[in-house]
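K.L.:
Dropping a structure here in structure tokens format, bear with me for questions.
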Amino acid sequence: KKTAKTEAQKLVLDIHLNKTAKLLGACAEMGAALAGRNIQQQKALRHYGREIGIAFQIQDDILDIGEDRLTYPSAFSLKKSCEAVQIHTKRALAHISFLGRRGAVLKDLARILSERKK
């Protein structure tokens, strides 16, 4: 049985995926293609971009708590939102582990986005 809460959760997840995550995923994948990375690496960077996009958007929602609109914290809870930021950031970092030290800037970017404050 669908409830208003589960509908809100599905909607906020869809918005985050289609608003920010796919955009950052496409940017990361295009950058990988332009840099001559193979298909697997391009795909990994697309997933990295999507994960940091979701983490960014959730963190943005956390920073905007109190606004009267559908947000990740209003659909899931503040605690689950904070946990989700960390989960998506860790996933993003895992996707670029193949870069080793060459991925330092991307690793820093993921952490900066997930830890930002107002």
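The values are calculated or read from the model by the stated rules, or taken from the named source; none is laboratory data. Since this is a predicted model, take the numbers as computed values, not measurements. Positions of Cβ are backbone-derived with ideal geometry, glycine not excepted, and every protein chain shown enters the neighbour counts. To get the accessible areas, we keep the full protein, side chains included, count just its heavy atoms, and leave off ligands, DNA and RNA. Shrake-Rupley method; radii C 1.70, N 1.55, O 1.52, S 1.80 Å.
K.L.:
For region 32-50, check the following and say yes or no: at least one residue is touching a residue at least 24 places away in the same chain (Cβ under 8 Å) and in contact with a Leu (Cβ under 6 Å, 6 or more places away or on another chain).
P.N.:
Of all residues in region 32-50, those touching a residue at least 24 places away in the same chain (Cβ under 8 Å) come to 41, 44-45, 47-50.
Narrowing further to those that are in contact with a Leu (Cβ under 6 Å, 6 or more places away or on another chain): 49.
Within region 32-50, one or more residues are touching a residue at least 24 places away in the same chain (Cβ under 8 Å) and in contact with a Leu (Cβ under 6 Å, 6 or more places away or on another chain).
K.L.:
So A28 ticks every box in (1) at pLDDT 95 or above; (2) open to solvent by 80 Å² or more (accessible area, probe 1.4 Å) but one. Which box is left unticked?
P.N.:
Status for A28: all satisfied but (2).
K.L.:
Still on this structure: Hey, V12 hits all of (1) open to solvent by 70 Å² or more (accessible area, probe 1.4 Å); (2) in contact (Cβ under 8 Å) with a residue 40 or more places away in the chain; (3) β-branched (V, I, T) but one; which does it fall short on?
P.N.:
Evaluating V12 over (1) open to solvent by 70 Å² or more (accessible area, probe 1.4 Å); (2) in contact (Cβ under 8 Å) with a residue 40 or more places away in the chain; (3) β-branched (V, I, T) leaves (1) as the failure.
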